[in-house]
């Protein structure tokens, strides 16, 4: 009885410290999100570019292929997927570069917060500011290509799973190449093989929905990969960022 | 942070630390210790490894030898949050104002008791530029914002890399006053200098790095 009471008394400061650490980590994530949103707002002209790119490319397709609704409707899902992936690419490159250049990453490293958690928060902020707008205009882009209305929800769901996955993979590569010159090309080359399976599963779901077949299996694969990436990618990111600061 | 720890154990003790880049020795091996309330001046010419030494102490570069904080071997957990590094790069975004930058850093590090973003920016004489984007400030003003960070965040060991660079005479006095105040509260500081600026306390211990 006494021993039990003593062990509880000994545990209490540990528990309190863990609680304080959790509170500190949450506060740090909140501060980072606020800072990234503020920076995104200051550079909102840059954020507009991927959106403009996606709209222009989508609008060009009917002109290039001819206004055949059947043809356009059949390829719309795949075309929109590829456009979103390509529109994401340029922004991925600079996910950590500004922070490496101005020394902010050094402050991340010295802060009493888990680096992987900060990296995950950065990916979330990046996805919300650069990719979410693309998903919001997706109904408009779908209409431009005559995408069947019942396929649109599946396409959106596939993108909701595929784009965070690509952002997480891209974050690891972005952290690895942050210090390198000409990192944009390097990142694109390295991301390509990783993006292929993601695109295949997302396109598979859209194609299945389009032909009236069950589309849950490819989506489940995407969801499983996303869960795995949420756990592992921030750790890889943190290791890569430590190397980037060392150099 | 426990500022009233026993003075017998130095805040920072380095034993035979050295760093080599591509088998080319950059500095060391060095032995030194810094007690609470003490300032250690690291002198050396350009390229003698002063910045590298601070980065090794901050745990950003894997050096050789042993580093102890309060008697325990340095690790990420024992070091992080206790060391503040002010280097050539400010660690702040040029697109954000001093107030926004410092508010973010308090989110990462927490706040020193009694300090607020406004009070520390006033203490370094930046109150008029508190909401201007950092890129519109001069080099010396940016340095002052960096100094405000030291006052704002908790942390007992300051690693200051050339803190006098870009500062006018008043700025240099400000740096010396900040270091003296920090040491009076039981903190400690390592300050690098190439020797051109007269340091406030001529009694402070020196280590000299050979180029």
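The values are calculated or read from the model by the stated rules, or taken from the named source; none is laboratory data. What you see is a predicted model; the values in this text were computed from it and never measured. All Cβ positions, glycine included, derive from the backbone under ideal geometry; neighbour counts span all protein chains shown.
Please find, among B:147, B:157, B:153, the residue that is in contact (Cβ under 8 Å) with a residue 40 or more places away in the chain, away from chain A (no Cβ under 14 Å) and in contact with a strand residue (DSSP E or B) (Cβ under 8 Å, 6 or more places away or on another chain). Result: B:147 is the single residue among B:147, B:157, B:153 that is in contact (Cβ under 8 Å) with a residue 40 or more places away in the chain, away from chain A (no Cβ under 14 Å) and in contact with a strand residue (DSSP E or B) (Cβ under 8 Å, 6 or more places away or on another chain). Scanning the range B:6-26 for residues that are assigned to a loop (DSSP other than H, G, I, E, B) and farther than 16 Å from residue B:75 by Cβ yields B:6, B:7, B:8, B:9, B:10, B:22, B:23.
With a requirement of 3 or more residues that are in contact (Cβ under 8 Å) with a residue 60 or more places away in the chain and within 14 Å of chain B (Cβ to nearest Cβ), none of the helices (runs of 4 or more DSSP H) lying completely within the range A:13-109 satisfies it.
Among the residues of the range B:70-91, count how many are assigned to a strand (DSSP E or B) and either within 7 Å of another protein chain (Cβ to nearest Cβ) or modelled with pLDDT of 90 or more (or both).
Within the range B:70-91, the subset assigned to a strand (DSSP E or B) is B:72-73, B:83-86.
Keeping just the survivors that are either within 7 Å of another protein chain (Cβ to nearest Cβ) or modelled with pLDDT of 90 or more (or both) gives B:83-86.
Going through the range B:70-91 one residue at a time, the tally reaches 4.
The residues on offer are A:155, A:147, A:192, A:165, and the sole one that is at pLDDT below 95 and surrounded by 23 or more Cβ atoms within 10 Å (Cβ to Cβ) is A:147. With respect to the conditions (1) at the interface with another protein chain (Cβ under 10 Å from one of its Cβ atoms); (2) without any contact (Cβ under 8 Å) to a residue 60 or more places away in the chain; (3) closer than 19 Å to residue B:33 by Cβ, residue B:58 lacks only one, and its number is (2). In this structure, residue A:128 does satisfy being within 13 Å of the chain's Cα centre (by Cα) and more than 25 Å from residue A:18 (Cα to Cα).
Scanning the range A:204-225 for residues that are buried (at least 20 other Cβ atoms within 10 Å of the Cβ) and either at pLDDT 95 or above or part of a helix (DSSP H, G or I) (or both) gives A:205, A:206, A:209, A:210, A:218, A:219, A:222. Screening residue B:51 against (1) without any contact (Cβ under 8 Å) to a residue 60 or more places away in the chain; (2) in a helix (DSSP H, G or I); (3) within 14 Å of chain A (Cβ to nearest Cβ) leaves a single unmet condition, (1). Taken together, B:94, B:100 contain a single residue that is surrounded by fewer than 19 Cβ atoms within 10 Å (Cβ to Cβ), at the interface with chain A (Cβ under 7 Å from one of its Cβ atoms) and touching a helix residue (DSSP H, G or I) at 6+ places or on another chain (Cβ under 7 Å), which is B:94.
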